[in-house]
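Data block below; observations after.
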2 protein chains.
Amino acid sequence: MAELKNDRFLRALMRQPVDVTPVWMMRQAGRYLPEYRATRARAGSFMDLCKNPELACEVTLQPLARFPLDAAILFSDILTVPDAMGLGLYFAEGEGPRFERPVRSATDVEALGVPDPEEALGYVMEAVRVIRRELDGRVPLIGFAGSPWTLATYMVEGGSSKEFAQVKGMLYDRPDLLHRLLSTTADAVTLYLNAQIAAGAQAVMIFDTWGGILTPRDYRAFSLNYMARIVAGLQREHDGQRIPVILFTKNGGSWLEAMADTGADALGLDWTTDIGEARRRVGNRVALQGNMDPCLLYAGPDRIREEVATILEAYGPGPGHVFNLGHGIHQHVDPERAAAFIEAVHELSACMHG
Amino acid sequence: MAELKNDRFLRALMRQPVDVTPVWMMRQAGRYLPEYRATRARAGSFMDLCKNPELACEVTLQPLARFPLDAAILFSDILTVPDAMGLGLYFAEGEGPRFERPVRSATDVEALGVPDPEEALGYVMEAVRVIRRELDGRVPLIGFAGSPWTLATYMVEGGSSKEFAQVKGMLYDRPDLLHRLLSTTADAVTLYLNAQIAAGAQAVMIFDTWGGILTPRDYRAFSLNYMARIVAGLQREHDGQRIPVILFTKNGGSWLEAMADTGADALGLDWTTDIGEARRRVGNRVALQGNMDPCLLYAGPDRIREEVATILEAYGPGPGHVFNLGHGIHQHVDPERAAAFIEAVHELSACMHG
């Protein structure tokens, strides 16, 4: 493997000194980029794109060609895991992801197996290898997976949801069943992330998009508990390099202390928590990643710069901050605004370090 | 006016002793009740139902005929205010509320006026009067309005939204314009709630459904600030009775201390905050209303009872708790589950008082 030329992102995750604050954007390879839309049109469906390692590599690298980002993130989808578990993922036009066979009954839960990632998700591992080769050490590559609870919401509901009636019905009425589902899914995610690490992912992130819809008690029992099991089961070193782990629970700002207890290296933050306040709460136990509202990218470059400065000052001097948006970049954002954002982070953060 | 026979709800809001914890449900007059669906079918559209004081009274009273609820809430919609401001509210089938004339430009904002509630919203005041007459003192009647920020999201987006690109674009790029919009809307809401109080509302609640999508700083500047102005402008006494005010910001659990500073009597809580923790934070400055996950009503009666007990114990003994769901009751809930919930609150809370 080529030597890493820019290791700011990995250093920041491990709270080591950096020259400027590293920055990347959730969903940086996505629909706001015309070149992404072109590749997507060539690929066919969204899943065709995910399952084609060369095209997945192409879109992963597109934002890096435009912006001086400090990390690349594997182009894929969190729902590849339940798909590999046999649920039959498809994307209904304009309706988001759906599963042909949602998990509703005890029989459904018992039928779930833990897929061998190199077999059932070989296209992801191949994409990781192709991307690492093409990145050629420019920046590190982030692998990722959904949290078991977040995956369970889609697996039980059969797709996206607003009320989460099915999965919460199971949580409240058949917690035993849900725990079994989550346990199998946690095993699947652990193997999957370890396979990504073996294939070349240099850091991994667990996306808990829906942990924030739970009560504090249920968040611990049904979401955090399984993320902690995954963190404990991960290969934390590969090729002599430490592999940092980032946990991100959307709307999880009140539970940062408990999240830090999992042994993760870093926590993702959405914009509803002040990052300075968050830092005071977690102390020097973990790095923090975030946390600009993606809607700021609808504002002009001066306003973006001002917000970047506000967040940098709130975090304060010293290591341990990876700049990011608090959620994925929106599809209608002008890429020029993303450029202004990334430039502002690097320029304005220089004085926070060194 | 008939003397109030059950004043538990009002007493709890003012942190006075009660025999059992009072309970009502957000959206208790709604689609989960077959009798509501029947009245709605007779009325025509949703807005036809809102604008017909006799039918609005009929649906307001329906849940009281089924369950021993401790309060009635006016059947209406938060978007009646922007409708009265001239935006042209309509409900597209299966798509939720829309405005014919969204507020996007400086000209649009300047054109907004503060409607005279007895003129432009006379149907609401008439509904309040009819309901008070028909309630005949059984339980108090709650009036309500949307928070200026929450109303602004619909006014600027032209309806519901997932990304809030338009209103956040205005917030970040033209805060002056948004402040003007919010200021006019706050004046309109103040007059509207005072008119409801004059017509007979015995408590009022401000619904801030979308305050929780803001950064902590912007929540204060663009949402809480205007709710505080409304609280300060309300008639807090009518007919010799204190009129308590409840503030509810969905996903606002981290900002309770600041919300209590507004001078509101009570704060609504969704289920993502522990109510015992919340009580310790706000002390005896305000009462708390909440906070069971409405999805618990998909569980069996025993599980519902268990959750009610957990929340009662978390709040602890003493006054100042109004039991409620943390959000509106879902349309697919079996009314029998709602009955089990309400019964459990009254039965299990008796030992917390007296």
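Only the coordinates and a few stated rules stand behind these numbers; no lab work does. Everything numeric in this text was worked out from a predicted model, so none of it was measured. Backbone-built Cβ (ideal geometry, glycine too); neighbour counts: all protein chains shown.
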Query raised in the report: Which of the pairs B:K51/B:K250; A:K250/B:K168; A:K168/A:K250; A:K5/A:K51; A:K51/B:K162 have their Cα atoms more than 23 Å apart in this structure?
Result: B:K51/B:K250; A:K5/A:K51; A:K51/B:K162
Requested in this report: Tell me which residues come under 5 Å, amide H to amide H, from B:N324 once H is placed; ignore anything under 5 positions away on its chain.
Outcome: B:G290, B:N291, B:M292
Query - Kirkwood hydrodynamic radius of the protein assembly as shown, Cα pairs, Å - result: 26.7
Report task. Enter the mean number of other protein chain beta carbons within 10 Å of the beta carbon of each residue in A:327-337, as an integer. Result -> 1
Requested in this report: Determine the dipole magnitude for the protein assembly as shown: charges of +1 sit on the beta-carbon of Lys and Arg, -1 on that of Asp and Glu, nothing else is charged, the reference point is the Cα centre, and the result goes in debye to the nearest 20.
Outcome: 640
Query raised in the report: Which ³J(HN,Hα) values, rounded to whole Hz and listed in residue order, are derived for the range A:134-146 from phi using the Karplus coefficients 6.51, -1.76 and 1.60 in 6.51 cos²θ - 1.76 cosθ + 1.60 with θ = phi - 60°, glycine and proline given as x?
Result: 6, 5, 6, x, 4, 9, x, 9, 9, x, 7, 7, x
Requested in this report: Using only Cα atoms, tell me the angle between helix B:148-157 and the longest principal axis of chain B; keep it within 0 to 90° and round to the nearest 10.
Outcome: 50
Query raised in the report: In terms of modelled amide H atoms, which long-range or inter-chain residues lie less than 5 Å from the amide H of B:G268?
Result: B:L247, B:F248, B:T249, B:Q289
Report summary line: Once phi for every residue in the range B:338-351 is put through the Karplus expression 6.51 cos²θ - 1.76 cosθ + 1.60 (θ = phi - 60°), the whole-Hz ³J(HN,Hα) values, with Gly and Pro written as x, are 5, 4, 4, 4, 5, 4, 4, 4, 5, 5, 6, 8, 3, 6
Query raised in the report: For the residue pair B:R133 and A:A106, what label-to-label distance in nm results when each label sits 7 Å from Cα along the Cα-to-beta-carbon direction?
Result: 5.8
Requested in this report: With viscosity set to 1.002 mPa s and temperature to 20 °C, compute the Stokes-Einstein D of the range B:257-354, Rh being the Kirkwood radius across alpha carbon pairs; µm²/s, no decimals.
Outcome: 155
Report task. Beta carbons within 10 angstrom, averaged per residue: use that to sort the peptides B:159-170, B:221-232, highest first. Result -> B:221-232, B:159-170
Requested in this report: Please determine, in degrees from 0 to 90 and to the nearest 10, the orientation of helix A:301-315 with respect to the longest principal axis defined by the Cα atoms of chain A, where the helix direction is its Cα long axis.
Outcome: 80
Query - Cα gyration tensor category, rounded, prolate or oblate, for the range A:293-334 with a/c compared to 1.5 - result: oblate
Report summary line: For the A:E3, A:E118 Cβ pair and Förster radius 25 Å, calculated FRET efficiency rounded to 0.05 is 0.40
Query raised in the report: Which one of B:Y172, A:M227, B:Q28 is farthest out on the positive end of the charge dipole of the protein assembly as shown, using unit charges on Cβ (Lys, Arg +1; Asp, Glu -1) and the Cα centre as origin?
Result: A:M227
Query raised in the report: Hey, got the Cα dimensions of the range B:149-205 along the principal axes, in Å, largest first?
Result: 40, 24, 15
Report summary line: Projecting the Cα atoms of B:V128, B:P115, B:V139 onto the charge dipole of the range B:61-166, where Lys and Arg contribute +1 and Asp and Glu -1 at Cβ, the residue farthest towards the positive end is B:V139
Query - Relative exposure of B:D48, B:D77, B:D293, judged by other C-beta atoms within 10 Å (fewest first) - result: B:D48, B:D77, B:D293
Query raised in the report: Taking Cα pairs under 8 Å and at least six residues apart, what relative contact order does chain B come out at, in percent?
Result: 23
Report task. Rounded to whole Å and ordered largest first, report the semi-axes of the equivalent ellipsoid of chain A derived from its Cα gyration tensor (root of 5λ). Result -> 30, 23, 20
**Report entry** Relative contact order [Cα under 8 Å, 6+ residues apart], the range A:217-303, whole percent
**Finding:** 23
Query raised in the report: For the peptides B:115-126, B:248-259, what is the packing order when you average, over each peptide's residues, the other Cβ atoms within 10 Å and list the highest mean first?
Result: B:248-259, B:115-126
Query raised in the report: Counting Lys and Arg as +1 and Asp and Glu as -1, each charge on the Cβ, what is the dipole of chain A about the Cα centre in debye, to the nearest 20?
Result: 340
Report task. Taking the Cβ of each residue in A:V189, B:V139 as the centre, tally the other Cβ atoms inside 10 Å and list the residues starting with the fewest. Result -> B:V139, A:V189
**Report entry** Spin-label pair A:E347/B:A41, simplified geometry with 7 Å Cα→Cβ offset, distance in nm
**Finding:** 6.4
Report task. For the range A:185-337, just the Cα atoms, rotate onto the principal axes and tell me the three extents in Å, largest first. Result -> 45, 36, 33
Query raised in the report: Relative to the longest principal axis of chain A, what angle (0 to 90°, nearest 10) does the C-alpha long axis of helix A:175-199 take?
Result: 50
**Report entry** Average other protein chain Cβ within 10 Å of Cβ, residues A:149-161
**Finding:** 0
Query - Order of A:D136, B:D173 under a 10 Å beta carbon neighbour criterion, fewest first - result: A:D136, B:D173
**Report entry** Shielding of A:269-275 by partner chains, average beta-carbon count, 10 Å
**Finding:** 4
Report summary line: For A:R217, inter-copy label-point distances (7 Å, Cα→Cβ), nm, shortest first, read 3.8
Report summary line: Over chain A, the sum of -39500 (n - 2.57) across DSSP H runs of at least four, divided by residue number and rounded to 500 deg cm²/dmol, gives at 222 nm -13000 deg cm²/dmol
**Report entry** Listed residues A:A264, A:A65, A:P301: farthest to the positive end of the dipole of chain A (Cβ charges)
**Finding:** A:A264
Query raised in the report: Mean separation of Cα pairs under 8 Å and 6+ residues apart, divided by the residue count of the range A:262-354: what relative contact order is that in percent?
Result: 33
